[in-house]
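> Sending over a structure as structure tokens; questions will come in a sec.
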Amino acid sequence: MARRRSRTPKLPDTPVTVSIESLTHDGRGVAHVDGKVIFIDEALPGETVEFIYTESRKDYAEGKVVKLLSRAEDRVDAGCAHYETCGGCSFQHVESSAQIRIKQGLLVEQFKRIGKVEIPELWEPLQGPHWGYRRKARMGVKYVAKKNRVLVGFREKRHPYLAEIDSCIVMHPWVGTRLMALGEMIGSLSIREKIPQIEVAIGDEQCVLAIRVLEPPTPDDIEKMRVFAHAHAVSLCLQSKGPDTITPLPGEPEAIPTYRLPDQSIEFKFRPAMFTQVNYDINRQMVNRVLETLDLNANDNVLDLFCGLGNFTLPMATQAGSVVGIEGDQPLVNHAKENALHNNIHNVEFYAADLSKDISDQPWANRKYNKILLDPSRAGASEVLPYIKTWQPEQIVYVSCNPSTLARDAGILVNELGYKLVKAGVMDMFPQTAHVESIALFTRDLF
């Protein structure tokens with residue numbers, strides 16, 4: 001006889017009063033009830049709150065604030081009317097300078113706890129616009145029959161459902177102020193139930209929206225899209241399968257968005273689904289910080305690992321003798337080569353390689369480089385660090401989107417490979433969120 005599945009215990013519905021002790025890496029308040037740790041959305045250290053449980057597991061529980069009994073000095077009223085439900089942001093209730101201070105404290109704590117490394121000097125944080133900065137996003141789309149409305153935006157906090165929002169003040173206004181109009185246009189299509197997402201790519205002067213379609217649109221659908229695109233000065237594309245299937249509407253020219261690094265006089269062309277930094281102001285500052293730190297000259301031979309479409313590679317090539325860029329995604333490598341030619345830069349080489357695998361047979365991997373830039377994904381760069389002994393760099397700059405893997409890799413560089421951590425700091429790439437972008441400099445004498 002089959003066993004009955006045990007039912008999930010019903011969560012208590014009576015509010016519980018707690019004092020918030022600290023913050024998690026993703027910005028939730030930490031409290032304890034009867035010895036169990038509770039992670040509470042929108043709660044700040046030092047506050048006393050009433051919360052209700054939203055989930056309970058064996059080792060921890062989650063909750064949300066229903067009443068503030070005392071208010072932290074760093075708390076502010078959220079700037080967005082949808083903050084309570086939309087999961088796109090998690091830090092709008094924190095004053096802007098406090099957001100930076102919290103992120104910097106997290107970086108210091110992670111280095112100490114995970115990497116067993118003390119940061120000797122903190123860089124001044126890089127900061128930019130707090131609103132309207134986001135130029136890349138993958139937004140969900142959902143037709144809700146009961147509301148007779150197409151929702152466009154991000155998922156609810158801690159839920160898989162799309163939040164019902166009419167604008168997004170973190171998105172660039174080109175898109176953030178047009179969510180309702182975009183939803184209404186999609187709602188008028190015959191395939192409104194066959195559109196799950198939109199890839200947003202906003203360049204310096206172009207806005208491209210790649211609409212994922214599970215069924216081909218009718219000629220009438222295409223005409224409605226065309227009218228919307230012209231009315232709102234955007235380029236609409238259709239994506240039938242993977243990113244390589246993104247094509248402009250029939251009869252429309254292909255729009256290739258671009259962004260510039262004015263201090264280096266470099267222009268990048270990219271396609272909608274390609275990775276680029278979401279915050280152009282911070283990206284420009286970040287590139288400048290890397291160049292200032294590496295202090296490149298014609299005698300430098302630089303290795304740029306996880307180079308993408310050459311965001312750092314090409315600026316470094318304007319100052320260094322030679323630069324080699326390595327990226328695991330072949331289309332990005334191809335585009336990086338095109339961008340080098342587009343900018344008339346010829347002292348760069350680009351190669352496709354999976355940096356989580358054995359690269360010892362790669363010709364570029366058996367050269368010497370006196371300076372290295374690392375800019376990995378959230379997984380970090382631990383698999384490639386053993387090759388540092390082959391390359392023998394005197395200087396390593398590590399740009400990271402995950403402070404915990406940066407801290408882990410800093411421990412490897414310092415405690416196992418003999419490097420010295422000189423400086424580290426945060427860069428506010430994602431204001432109003434708990435996301436931490438950071439940078440660290442490591443040096444050592446030649447082997």
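> Placing +1 on the Cβ of each Lys and Arg and -1 on the Cβ of each Asp and Glu in region 1-151, which of Thr14, Ser96, Val144 has its Cα farthest towards the positive end of the resulting dipole?
Val144
> Under a 1.4 Å probe, what is the accessible area of region 174-281 per residue, stated in Å²?
In whole numbers, region 174-281 has 45 Å² accessible per residue.
> Say the cut-off is 27 Å between C-alpha atoms; which of Lys116/Lys136; Lys136/Lys337; Lys58/Lys103; Lys36/Lys157; Lys269/Lys420 go over it?
Numbers: Lys116/Lys136 35 Å; Lys136/Lys337 22 Å; Lys58/Lys103 29 Å; Lys36/Lys157 22 Å; Lys269/Lys420 37 Å.
Table pairs above 27 Å Cα-Cα are Lys116/Lys136; Lys58/Lys103; Lys269/Lys420.
> Along the Cα-to-C-beta direction of Thr245, a point sits 7 Å from the Cα; which residues of region 251-284 have their amide N less than 18 Å from that point?
272-274
> Of all beta bridges DSSP finds with both residues in region 1-124, what is the antiparallel percent, to the nearest 5?
Bridges in region 1-124 are about 80 percent antiparallel.
> Right, next: Rounding to the nearest 20 debye, state how big the charge dipole of region 118-192 is about its Cα centre with +1 on each Lys and Arg Cβ and -1 on each Asp and Glu Cβ.
Computed charge dipole of region 118-192: roughly 640 debye.
> Compute, for region 198-248, the length of the dipole vector about the Cα centre, with Cβ point charges of +1 (Lys, Arg) and -1 (Asp, Glu) only. Units Debye, rounded to 20.
80 debye
> Could you look at the chain and say what percent of its accessible area is carbon and sulfur, using a 1.4 Å probe and all protein chains?
Values: 10220 of 20990 Å².
Solvent-exposed carbon and sulfur of the chain make up 49 percent of the total.
> About the Cα centre of the chain, what is the dipole size in debye to 20, counting +1 per Lys and Arg Cβ and -1 per Asp and Glu Cβ, all else neutral?
Roughly 1480 debye for the chain.
> May I ask which residue of Ile266, Ile256, Asn299 lies farthest towards the positive end of the charge dipole of region 169-306, with charges of +1 (Lys, Arg) and -1 (Asp, Glu) on Cβ and the Cα centre as origin?
Farthest towards the positive end: Ile256.
> Follow-up. Pick out which of Ile326, Ile202, Ile52 has the largest mean-square fluctuation in a Gaussian network model of the chain, springs linking Cα atoms closer than 10 Å.
Result for the chain, Cα springs under 10 Å: Ile52 fluctuates most.
> With a/c under 1.5 counting as rounded, go ahead and sort region 84-227 into rounded, prolate or oblate using the C-alpha gyration tensor (a ≥ b ≥ c being the square roots of the eigenvalues; past the cut-off, prolate if a/b is larger than b/c, else oblate).
It comes out prolate by the Cα gyration axes.
> Modelled label-to-label distance, Gln392 and Met180, 7 Å Cα→beta-carbon offset: nm?
The two pseudo-label positions are separated by 6.6 nm.
> Let me ask another. In region 266-295, which residues have a backbone nitrogen under 19 Å from the label point lying 7 Å from Gln197's Cα in the Cα-to-Cβ direction?
Within reach of a label on Gln197, which here means backbone N under 19 Å from a point 7 Å along Cα→Cβ, region 266-295 contributes 271-279.
> With n ≥ 4 as the cut-off for DSSP H runs, can you work out [θ] at 222 nm for the chain, using -39500 (n - 2.57) per run divided by the number of residues, rounded to the nearest 500?
-6000 deg cm²/dmol
> I would also like to ask the following. Probe radius 1.4 Å, ligands and nucleic acids left out: which of Tyr83, Tyr351 has the largest accessible area, and how do the rest follow?
From most accessible down to least: Tyr351, Tyr83.
> Taking every DSSP beta bridge with both residues inside the chain, roughly what % is antiparallel (nearest 5)?
Here the antiparallel bridges make up roughly 65 percent for the chain.
> Compare the Cα positions of Ala61, Ala43, His82 along the charge dipole of region 39-82 (+1 at Cβ of Lys, Arg; -1 at Cβ of Asp, Glu; about the Cα centre) and return the one farthest towards the positive end.
Farthest along the dipole direction, towards plus: Ala61.
> Which FRET efficiency, nearest 0.05, do Ser19 and Tyr60 yield, Cβ-Cβ r, R0 22 Å?
FRET efficiency, Ser19 to Tyr60: 0.80.
> With every protein chain in place, what's the accessible area of Asp220 (1.4 Å probe, Å², nearest 10)?
In the full protein context, Asp220 sits at about 90 Å².
> Same structure, new question: Ignoring ligands, DNA and RNA, how do Arg113, Arg178 rank by accessible area with a 1.4 Å probe, largest first? Could you put the intermediate results ahead of the total?
Values: Arg113 130, Arg178 70 Å².
Descending order: Arg113, Arg178.
The values are calculated or read from the model by the stated rules, or taken from the named source; none is laboratory data. Model, not experiment: these values are computed from the prediction. For neighbour counting, all protein chains shown are included, and Cβ atoms are generated from backbone atoms with ideal geometry for every residue, glycine included. For the accessible areas, the whole protein counts, side chains as well, though only heavy atoms, and no ligand, DNA or RNA atoms are used. Shrake-Rupley method; radii C 1.70, N 1.55, O 1.52, S 1.80 Å.
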